[in-house]
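First up is the structure itself, then whatever we jot down about it.
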Amino acid sequence: MLLDYLISNYEKGEPIFLTDITIEGMTEENIRYHLKKLTDAGEISRYEAGVYYIPKINIFGEKSPISADTVALHKYVSRRGKRVGFYSGYTLANHLGLSTQVPFKEEITSNYAPAQVREITIQNRKYVIRRPTVEVTEENAYVLQLLDCLKDIDKSAEEDMDICGKILTDYALKHRITREQVERFIEYYPMKIYKAIYETGVKYVSA
């Protein structure tokens, strides 16, 4: 029963979080028991406490492990296909090309952040998880990510402000971010963000 549920609801190599499993008639204790049985039987693999996955089999017939970054992505950014967060801070600056520095700790803003700011460890990989100013959804994720980047651009970017502006304008156009969307959420950010918008000259989609 549990194995059929997992196969139907998860892709191979996709992290399975115990807290996300809901099956009518099964308690959490019962689910834990059957997860252990499936793990012992080799049907699924355990990554760490409360995290499992159906392993992919490589060309050598071996089970391919999943990475800490995969677990972080599915736990804090895209949970069961639902957008719940985004990469931020120095991680975002590096991803966008605003900085060449590869941060030692990945930074993520997520609805699932356990505190306002919390450093967590997945296996031996460290992450800084922050709560968003507004709940992250599929509709607002890119706007909030842009505003988050502008908020921290004075400390996270290496490029000149005009180059940053071009990069962020390309980002805004790519994701169809409008001025109306920005104005809807900008009130949740510190006043210094207006200075960043002015200095970068970032432009949005006109309508």
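The values are calculated or read from the model by the stated rules, or taken from the named source; none is laboratory data. Worth saying up front: this structure is predicted, and the values here are computed from it rather than measured. Neighbour counts are summed over all protein chains in view; Cβ atoms, including those assigned to glycine, are modelled from backbone coordinates with ideal geometry. These accessible areas exclude ligands, DNA and RNA; they are computed on the full protein's heavy atoms, side chains included. Shrake-Rupley method; radii C 1.70, N 1.55, O 1.52, S 1.80 Å.
Residues in the range 170-190 that are open to solvent by 60 Å² or more (accessible area, probe 1.4 Å) and farther than 23 Å from R131 by Cβ: how many?
6
Working only within the range 68-108, note down all residues that are more than 22 Å from D170 (Cα to Cα) and in contact with a Pro (Cβ under 8 Å, 6 or more places away or on another chain).
Selection gives T70, V71, H74, K75.
Inside the range 51-68, can you point out the residues that are part of a loop (DSSP other than H, G, I, E, B), surrounded by 14 or more Cβ atoms within 10 Å (Cβ to Cβ) and over 18 Å from the mean Cα position of the chain (by Cα)?
Matches in the range 51-68: I54, P55.
Condition (residue is in contact (Cβ under 8 Å) with a residue 40 or more places away in the chain, closer than 17 Å to L73 by Cα and among the β-branched types (V, I, T)) applied to the range 136-154: is it met by at least one residue?
Checked against the condition, which is being in contact (Cβ under 8 Å) with a residue 40 or more places away in the chain, closer than 17 Å to L73 by Cα and among the β-branched types (V, I, T), the range 136-154 yields at least one hit.
Working only within the range 80-116, note down all residues that are open to solvent by less than 30 Å² (accessible area, probe 1.4 Å) and within 13 Å of V136 (Cα to Cα).
Result: V84, G85, F86, S88, I108, T109, S110, A113.
Output yes when any residue across the range 125-133 is modelled with pLDDT under 95 and of a type in the set (V, I, T), and no when none is.
yes
Report whether or not D162 is out of contact with any helix residue (DSSP H, G or I) (no Cβ under 8 Å at 6 or more places or on another chain) and either touching a residue at least 40 places away in the same chain (Cβ under 8 Å) or charged (D, E, K, R) (or both).
On the way: out of contact with any helix residue (DSSP H, G or I) (no Cβ under 8 Å at 6 or more places or on another chain): no; either touching a residue at least 40 places away in the same chain (Cβ under 8 Å) or charged (D, E, K, R) (or both): yes.
It is false that D162 is out of contact with any helix residue (DSSP H, G or I) (no Cβ under 8 Å at 6 or more places or on another chain) and either touching a residue at least 40 places away in the same chain (Cβ under 8 Å) or charged (D, E, K, R) (or both).
In the range 142-160, what residues are open to solvent by less than 50 Å² (accessible area, probe 1.4 Å) and assigned to a helix (DSSP H, G or I)?
Answer for the range 142-160, where residues must be open to solvent by less than 50 Å² (accessible area, probe 1.4 Å) and assigned to a helix (DSSP H, G or I): V143, L144, Q145, L146, L147, D148, C149, L150, K151, D152, I153, S156.
What are the residues in the range 149-181 that are farther than 16 Å from G89 by Cα, among the small types (G, A, S) and touching a Phe, Trp or Tyr at 6+ places or on another chain (Cβ under 8 Å), if any?
A172
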